[in-house]
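Novice: My questions all concern the structure below.
The values are calculated or read from the model by the stated rules, or taken from the named source; none is laboratory data. Treat the numbers as computed from the prediction; the structure is a model and nothing was measured. Methodologically, a virtual Cβ is constructed for each residue, glycine included, from the backbone with ideal geometry; neighbour enumeration extends over all protein chains shown. What goes into the accessible areas is simple: the full protein's heavy atoms, side chains included, and nothing from ligands, DNA or RNA. Shrake-Rupley method; radii C 1.70, N 1.55, O 1.52, S 1.80 Å.
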Amino acid sequence: MNSIPLLKQYASILGVTEKTDIRFNVEEIRKEIDSILSMCGVGRYRALNTPSRGWTLNLSHLPEEKTLPEEVGNHIAKFTGMTRGNEPSLVAAGYSTADLNVLPPEVANGYLGEVYRKVVEYHNTRVDIPGTITRFNCVFVAEGGGYQLHKDMHTSVKYHIPVWTNKYSFFAAEHENEIKWVHMPADGALWILDTQVPHLAMNISPNTVPREQKVRAHLIIASTV
């Protein structure tokens, strides 16, 4: 009989999710994300009001020749429209993560652009990791939200920078007959995740958590294969 995987919290999972030595200024990231959200007329807590308890701000866009009809001439829609969705949503629209490879001026010309370019530079030194850096987004998960155990076969790795979080938010992966749980603090660290390993993310914060801590947000930069 197969044993039931154990649940245990770890600081990291060797070869699956590890903290790099790279650090960023979280306060600067927060300011720029808040500025873009304000420009889009969207609040940081929007995920609290979505059925999925999750929401994504798209920080890299389709090139002009591939822009969806409803996004032509609508700069805001490129941040908040259909292409901000997950890979199945993109495929349904005729695109993929690899197509989201253009940084808008609000990203390219600020600190977020520096962050993206630093991650690209780091990724290009990692000859052991396949793929090309493309998509850049900020993923918000509200209390009670998350992602079921899955693999992202369209990416080799995803780089995460926690921006806002709480102690009840976790990444987990199937590893050595366990589901291993990792909390990533918002301390500026860059994390690297092997997305071809079964993994999930959850925000299980209780109702007693203050509103400003109810939504977990990570910058995510994907390497597509």
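Novice: Which condition breaks for THR224 when tested against (1) open to solvent by 30 Å² or more (accessible area, probe 1.4 Å); (2) β-branched (Val, Ile, Thr); (3) closer than 28 Å to PRO130 by Cβ?
Specialist: (1)
Novice: Can you give me the number of residues within the range 10-31 that are open to solvent by 40 Å² or more (accessible area, probe 1.4 Å) and either outside any loop (DSSP other than H, G, I, E, B) or of a type in the set (A, V, I, L, M) (or both)?
Specialist: Matching residues across the range 10-31 total 11.
Novice: Looking at GLY41 and the list (1) touching an Asp or Glu at 6+ places or on another chain (Cβ under 9 Å); (2) farther than 24 Å from ASN203 by Cα, which single condition is not satisfied?
Specialist: Going through the list (1) touching an Asp or Glu at 6+ places or on another chain (Cβ under 9 Å); (2) farther than 24 Å from ASN203 by Cα, GLY41 breaks only (1).
Novice: Just a yes or no: is a residue in the range 61-78 modelled with pLDDT under 95, more than 30 Å from ARG23 (Cα to Cα), under 18 Å from the mean Cα position of the chain (by Cα) and open to solvent by 50 Å² or more (accessible area, probe 1.4 Å)?
Specialist: Scanning the range 61-78 turns up no residue that is modelled with pLDDT under 95, more than 30 Å from ARG23 (Cα to Cα), under 18 Å from the mean Cα position of the chain (by Cα) and open to solvent by 50 Å² or more (accessible area, probe 1.4 Å).
Novice: Mind listing whichever residues of the range 166-182 are touching a Ser or Thr at 6+ places or on another chain (Cβ under 7 Å) and open to solvent by 30 Å² or more (accessible area, probe 1.4 Å)?
Specialist: Of everything in the range 166-182, those that are touching a Ser or Thr at 6+ places or on another chain (Cβ under 7 Å) and open to solvent by 30 Å² or more (accessible area, probe 1.4 Å) turn out to be TYR168, ASN177.
Novice: Also, quick follow-up: Checking LEU219 against (1) in contact (Cβ under 8 Å) with a residue 60 or more places away in the chain; (2) surrounded by fewer than 21 Cβ atoms within 10 Å (Cβ to Cβ): exactly one of these is not met. Which one?
Specialist: Looking at each condition in turn, LEU219 falls short on (2).
Novice: Separate question: Got at least one residue in the range 200-211 being open to solvent by 10 Å² or more (accessible area, probe 1.4 Å) and part of a helix (DSSP H, G or I)?
Specialist: Yes, some residue in the range 200-211 is open to solvent by 10 Å² or more (accessible area, probe 1.4 Å) and part of a helix (DSSP H, G or I).
Novice: Taking GLY113 as meeting all but one of (1) crowded, with 18+ Cβ neighbours inside 10 Å; (2) touching a strand residue (DSSP E or B) at 6+ places or on another chain (Cβ under 6 Å), write down the number of the exception.
Specialist: All conditions pass for GLY113, except number (2).
Novice: Inside the range 184-199, can you point out the residues that are outside any strand (DSSP E or B) and either modelled with pLDDT of 95 or more or among the charged types (D, E, K, R) (or both)?
Specialist: Listed by number, the residues that qualify are MET184, PRO185, ALA186, ASP187, GLY188.
Novice: Further question on the same structure: Could you pull out the residue among VAL120, VAL139 that is touching a strand residue (DSSP E or B) at 6+ places or on another chain (Cβ under 6 Å) and open to solvent by 20 Å² or more (accessible area, probe 1.4 Å)?
Specialist: Just one listed residue meets the conditions, VAL120.
Novice: Could you figure out which of (1) at pLDDT 90 or above; (2) open to solvent by 80 Å² or more (accessible area, probe 1.4 Å) isn't true of ALA92?
Specialist: Unmet condition: (1).
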